[in-house]
Amino acid sequence: MTSGVAIVGVGHSGFSPIVAGLSYKELMFEAAQRAYDDAGVHPRRDVDSFVCCSEDFLEGTSIFDEYVPDQLGAVQRPVQTVSGDGLFGVATAVMLIRSGVARVVAVEAHSKASDIGSLGGIELFAMDPVLNRPLGVSPLAVAGLEMNAYLERTGLTEEHCAMVVAKNRRNALDNPRAAYPADVGERQVAESSPLFWPLKELEVARRADGCVVLVLASGELAPELTEAPVWVLGCGWSSGSASLESRTWGEADFVRRAADMAYGQAGIDDPSEVVDLAEVDDTFAFKELEHLEALRLAQAGEIAEMLESGEVETDGELPVNASGGSLGQGHLFEAGGLARTMECVEQLRGEAGQRQVEAVDVAVAQSWRGVPTTSAAVVVLGTGEG
Amino acid sequence: MLDKLTDPALVRRWGGEIPVRHRYTPGLAGEAFFTALRDRGVLLGSRCEACEYIYVPCRLFCERCFAELTADTEVGPGGTLESFAIGYVDVEGEPLDEPVTVGLVMPDGADAVLFHFIVEQGEEPLEIGMRVEVVLRPPGERTASILDIVGFQPAAG
């Protein structure tokens, strides 16, 4: 089964702790130029609809969707903004194409995090204003509480989380666009400053500037545009409870539902048998492990063994975040999901260079919107139509 | 073609602030919860009969089955520590003078948790699953706010 939609072009810019001198519009223009060039399309002629993913407070501009058309070649064309991670934009693009509204859609998301002067304040304002915000504590508290509950439930330890950091930062050494490649020892992670114990400084992905643009096309058109279409086999999304009080703690049930929706469309019963590569959210190191379980790529009881045996390394059975993830590439905010999707596309095309995983036919990308949210999206991609 | 800047000293940036003021309405359920907290010193929840789930704070509707609920179920004051975390940084990431401990506490009789400070810890290390109890401000100092709760402390005995 397939959605009848393929990714036919990818482009990025930045992926750097600070992209000094370029405006967010210029970052978007650069990524869009590359994506359109990759797809062999011109936005003024060939792209029927445009989807951007952004959040006003992160941009420092109210009604930010008004500011996106020009740098994408989208003036006087159908444009919409999704206030969410870029994968929600991919879902929107799939629907636009499948419903016949468009044949070619561009999806964009970016981070100009280095322009943000008060990120903590913005994140605090994402907390419930009546019940939670008056405590005045950093929203990292939510991550610390979730990490402690997750480790308690699964029996996994801080050492396992440190292994994720070491792996992803090391994987980033083979990724030329990664912002934070490093050979980090697990002991360094353990000894890094506690932020909201058990969460420590090196377990938190550091922010980066960057932009990703994808071009999606209908199944009829895709083979005309590229010799290597990457098919969207399934795409799902889900939100849990916004309430800290009544949400599920210690497991990502909303990721599970998003994944099941995507796997269902792809006709995949047991993803652990089918998926060759996973790019999952690792905004916090423990989240990679929690998300692997929610994606049904590992049982909680298997994760320690998978880490210790090297199964999740780039040359292992199930490479996880071969790109370096957000820990290695940088935290790109709403562009995180598109960065992971771009990595999957490059891997499926066999264009991932030194970090190329062998024999990739099916890849999964997953996003989470960060604390304090419970929103996730999952896309399943393949070289065959399914 | 415009060349990119190579000297960071030449990067020009404009400062800006978004002055945002808002008044948040706690709603019918919020009024009931905060009034009960201020006037009677109790934690008020809502039971969903269909879901066999007791929310705290109380609320007007069930997020699981969409049923309309009433605020009629008192929970606590004892409870169980479901998770905790110890903060060393403030909202902007600057070091705190003193660490702050927060926890998720499931009050007795409730299925939901409250997010609040853990106070008066004493010598024993915190453990998930331990018994705790709510600590309230003195009646005359309460303002019908979540801060009428000082936090939760390990239960005596």
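Values in this text are rule-based calculations from the coordinates and carry no lab data. Please read these numbers as outputs of a predicted model, since none were measured by experiment. Reconstructed Cβ throughout: ideal geometry from the backbone, glycine too, with neighbour counts over all protein chains shown.
Points to keep in mind about this one:
- Within 10 Å of each Cβ in B:115-126, the average number of Cβ atoms from other chains: 2
- Pairwise label distance in nanometres, B:Asp72 with A:Glu152, each label 7 Å out on the Cα-Cβ vector: 3.2 nm
- With a 10 Å cut-off around each Cβ of B:6-15, the average count of Cβ atoms from other chains is 2.
- Spatially proximal lysines relative to A:Lys25 (Cα-Cα < 23 Å; intrachain offsets below 8 disregarded): A:Lys112, B:Lys4
- The trypsin sites (Lys or Arg not before Pro) found in segment B:1-105 that occupy coil by DSSP, while having at most 11 further C-beta atoms within 10 Å, are B:Lys4, B:Arg12, B:Arg13, B:Arg21, B:Arg23.
- Distance-filtered residues of segment A:144-162 - backbone nitrogen under 19 Å, label point 7 angstrom along A:Gln299 Cα→Cβ: A:151-157
- Order of A:Phe333, A:Phe88 under a 10 Å beta carbon neighbour criterion, fewest first: A:Phe88, A:Phe333
- Under 16 Å of direct C-alpha separation, and excluding same-chain neighbours fewer than eight residues apart, A:Lys287 reaches these aspartates and glutamates: A:Glu146, A:Glu152, A:Glu158, A:Glu159, A:Glu201, A:Glu203, A:Glu251, A:Asp253, A:Glu279, A:Glu302.
- Overall, the protein assembly as shown carries a charge dipole of about 1580 debye about its Cα centre when +1 sits on the Cβ of Lys and Arg and -1 on the Cβ of Asp and Glu, all other atoms neutral.
- Mean partner shielding of peptide A:142-150, defined as the number of other chain Cβ atoms within 10 Å of each residue Cβ, is 5.
- Ordering of A:262-268, A:108-114 by packing is A:108-114, A:262-268, highest average first (other Cβ atoms within 10 Å, averaged per residue).
- Low-density loop positions, trypsin sites (Lys or Arg not before Pro), segment A:5-101 - DSSP coil, at most 14 other Cβ in 10 Å: A:Arg44, A:Arg45
- Rounded to the nearest 0.05, the FRET efficiency derived from the C-beta distance between A:Ala359 and A:Asp270 at R0 = 25 Å is 0.85.
- When segment A:12-91 is reduced to its Cα atoms, the Kirkwood hydrodynamic radius in Å: 13.4 Å
- Under the criterion of Cα pairs below 8 Å and six or more residues apart, the relative contact order for chain A equals 26 percent.
- The local environment of A:Gly60, defined by Cβ-Cβ distances under 13 Å, has a net charge of -3 under the rule Lys, Arg +1 and Asp, Glu -1.
- As a rough footprinting exposure proxy, the listed residues B:His22, A:His12 were ranked by other beta carbons within 10 Å of their own, and the order from fewest upward is B:His22, A:His12.
- Label-to-label distance for B:Thr25 and A:Lys25 is 3.9 nm, based on points extended 7 Å past Cα in the beta-carbon direction.
- The B:Val119 and A:Glu224 beta-carbon pair, evaluated with R₀ = 56 Å, returns a calculated FRET efficiency of approximately 0.25.
- Coil-residue GluC sites (Glu not before Pro) of segment B:53-157, DSSP, other Cβ within 10 Å capped at 13: B:Glu92, B:Glu120, B:Glu123, B:Glu127
- Rounded, prolate or oblate (a/c below 1.5 giving rounded, otherwise prolate when a/b exceeds b/c) for the protein assembly as shown by Cα gyration tensor: prolate
- A Förster distance of 45 Å, applied to the separation of the beta-carbon atoms of B:Arg13 and B:Glu98, puts the FRET efficiency at 0.80.
- The sum of -39500 (n - 2.57) across all DSSP H runs of n ≥ 4, divided by the residue count of chain B, sets its helix-only mean residue ellipticity at 222 nm to -3000 deg cm²/dmol.
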